[in-house]
Amino acid sequence: MKLTAEEQAMLAGEYGQTTQKAMEILNALGTIYEAERMIPVTSVQISGVSYANLGEAGLQFLAEMADGGGQTRVLTTLNPAGMDVENWQALGIDEEFARNQQRVIEAFARMGVITTCSCTPYLFGNVPHFGEHIAWAESSAVCYANSVIGARTNREGGPSALAAALTGRTPAYGYHLENNRQPSVTVQVESQLVENNEFGALGKAIGQKLEATGQKPLPYIRGIEQATLEQLKSFCASIATYGGTALFHMEGVTPEAGQTAPPPDTITITRTEIEAANQSLNDAASDEIDFVSLGCPHLSIKEIARLAELLAGKKVTKEFWITTARPTKQMADMMGYTGIIEASGAKFATDTCCVVAPIKGRFKALATDSAKACYYAYAKNKFKTVLKPFDEVVLEALK
Ligand code: F3S
């Protein structure tokens, strides 16, 4: 790989040992993927923040990187942590975990990472533009950045995203290259969708069909006449989870869609398949549900406004987590939504989510509108699940 003089100096340790370590990580990655050079990035989103996933070894790595004097060179935000950093006690998080989680967040902060702790950085300030090279981790946000915004990123892991933040570089391979962004199969959707959970079910149906080909084709999706930001974030989270998809082209949505003719190879997704995908995530009976969560990916302010409308003057009967980013919660505070929602007994689980928080063994069955949350609720915690439209999930919490 050909490095510039500055990149060589980073590798030689002239910018300090943390920058050197970061460049070593990127150089190794670039060599594995046969990148010819590094490219500058302007934005980074780092995953791997929950102490439940990092453990002591991960925390030590971050502490050493921070002790080595590393500083971010570009705008860098952070994925959800394992707890609400202000309100962790109300969520039943134990003190030792909270202490360790705080040390993780402090290590990132020392390196200049903006500790937003959210998987929706594109909702508040970390918003790249079309064609911009970025290095994002967090599969749902990567898929959104590539496919809805048209920015260019590979699906980074926590360490490679941190390395990109500390150097302002990433190896030029994968989705940074024009040739690798061309669709290879047309997906014709034969149904109009209205609810978030339907978009999640569509992501599961398409993702699993693509996975079954064994070739990781890049889909060109046709037939979706309308999709809101909230529906697209739900779809991105789901197709990334079930199909490992980091980039799709959707007609009328993706800026690059239509630059080339739709691929001749076509698969069709019917209404029946979408309903079957939704049904496959419904294995809990209504009376088994003891946990309700909305906000995977993190809720937008529009969704929180709807929640306030639905919960006004009512009382929830189950543990109900509303997961969102702190900047979004601050908007909810300004608008008076927080007070209305909290008066119902529902809890804001800001900075975290029902997947990365350490809640194994605490609940039996989750109701949500997110196909991704259903997948991990079972895979990580063995919870049964119910996947329903947003409004109906709220009704479950009130039953
Ligand atoms: Fe975000 Fe957690 Fe879902 S990180 S996409 S809310 S699993």
Discussion item. Can you tell me how many residues within segment 353-362 are open to solvent by less than 40 Å² (accessible area, probe 1.4 Å) and out of contact with any strand residue (DSSP E or B) (no Cβ under 6 Å at 6 or more places or on another chain)?
Written reply: 4
Response to the item:
Of the conditions (1) crowded, with 20+ Cβ neighbours inside 10 Å; (2) under 26 Å from the mean Cα position of the chain (by Cα); (3) among the aromatic types (Phe, Trp, Tyr), the single one that residue 15 does not satisfy is (2)
Worksheet item: Restricting attention to segment 278-326, which residues are open to solvent by 10 Å² or more (accessible area, probe 1.4 Å), assigned to a helix (DSSP H, G or I) and of a type in the set (Gly, Ala, Ser)?
Response: 286, 305
Discussion item. Given the options 350, 338, name the one that is touching a helix residue (DSSP H, G or I) at 6+ places or on another chain (Cβ under 6 Å), open to solvent by less than 50 Å² (accessible area, probe 1.4 Å), more than 16 Å from the ligand (Cβ to nearest atom) and polar (S, T, N, Q).
Written reply: 338
Discussion item. Could you list, ordered by first residue, the pairs with Cβ atoms under 6 Å in which the first is in segment 237-253 and under 16 Å from residue 198 (Cβ atoms) and open to solvent by less than 20 Å² (accessible area, probe 1.4 Å) and the second is part of a loop (DSSP other than H, G, I, E, B) and within 15 Å of the ligand (Cβ to nearest atom), at least 6 apart or interchain?
Written reply: 239/245
Fill in: One residue from 397, 367 being more than 30 Å from residue 245 (Cβ to Cβ) and in contact (Cβ under 8 Å) with a residue 24 or more places away in the chain
397
Worksheet, complete the sentence: Within segment 75-105, restricting to residues that are open to solvent by 30 Å² or more (accessible area, probe 1.4 Å), in contact with a helix residue (DSSP H, G or I) (Cβ under 8 Å, 6 or more places away or on another chain) and in contact (Cβ under 8 Å) with a residue 24 or more places away in the chain, the one that is nearest to residue 41 (Cα to Cα) is 103
Worksheet entry | Filter result (surrounded by fewer than 14 Cβ atoms within 10 Å (Cβ to Cβ), over 25 Å from the mean Cα position of the chain (by Cα) and not hydrophobic (A, V, I, L, M, F, W, C)) within segment 18-41 | 31, 34, 36
Discussion item. Tell me whether segment 344-363 contains one or more residues that are without any contact (Cβ under 8 Å) to a residue 60 or more places away in the chain, hydroxyl-bearing (Ser, Thr, Tyr) and more than 21 Å from residue 139 (Cβ to Cβ).
Written reply: yes
Discussion item. I need a count of the residues in segment 367-381 that are in a strand (DSSP E or B) and either surrounded by fewer than 24 Cβ atoms within 10 Å (Cβ to Cβ) or within 12 Å of the ligand (Cβ to nearest atom) (or both).
Written reply: 1
Response to the item:
Being in a strand (DSSP E or B), away from the ligand (no atom under 16 Å from the Cβ) and more than 23 Å from residue 88 (Cβ to Cβ) narrows 394, 386 down to just 386
Discussion item. I'd like the full set of residues that are among the acidic types (Asp, Glu) and closer than 18 Å to residue 126 by Cβ, limited to segment 153-198.
Written reply: 156
Worksheet item: If we only count strands (runs of 3 or more DSSP E) wholly inside segment 121-191, which ones have 2 or more residues that are surrounded by fewer than 24 Cβ atoms within 10 Å (Cβ to Cβ) and out of contact with any Leu (no Cβ under 8 Å at 6 or more places or on another chain)?
Response: 185-190
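The values are calculated or read from the model by the stated rules, or taken from the named source; none is laboratory data. What you see is a predicted model, and the numbers here were worked out from it, not measured in a lab. Neighbour counts run over all protein chains shown; Cβ positions are idealised from the backbone, glycine included. The accessibility values were calculated without ligands, DNA or RNA, using every heavy atom of the protein model including side chains. Shrake-Rupley method; radii C 1.70, N 1.55, O 1.52, S 1.80 Å.
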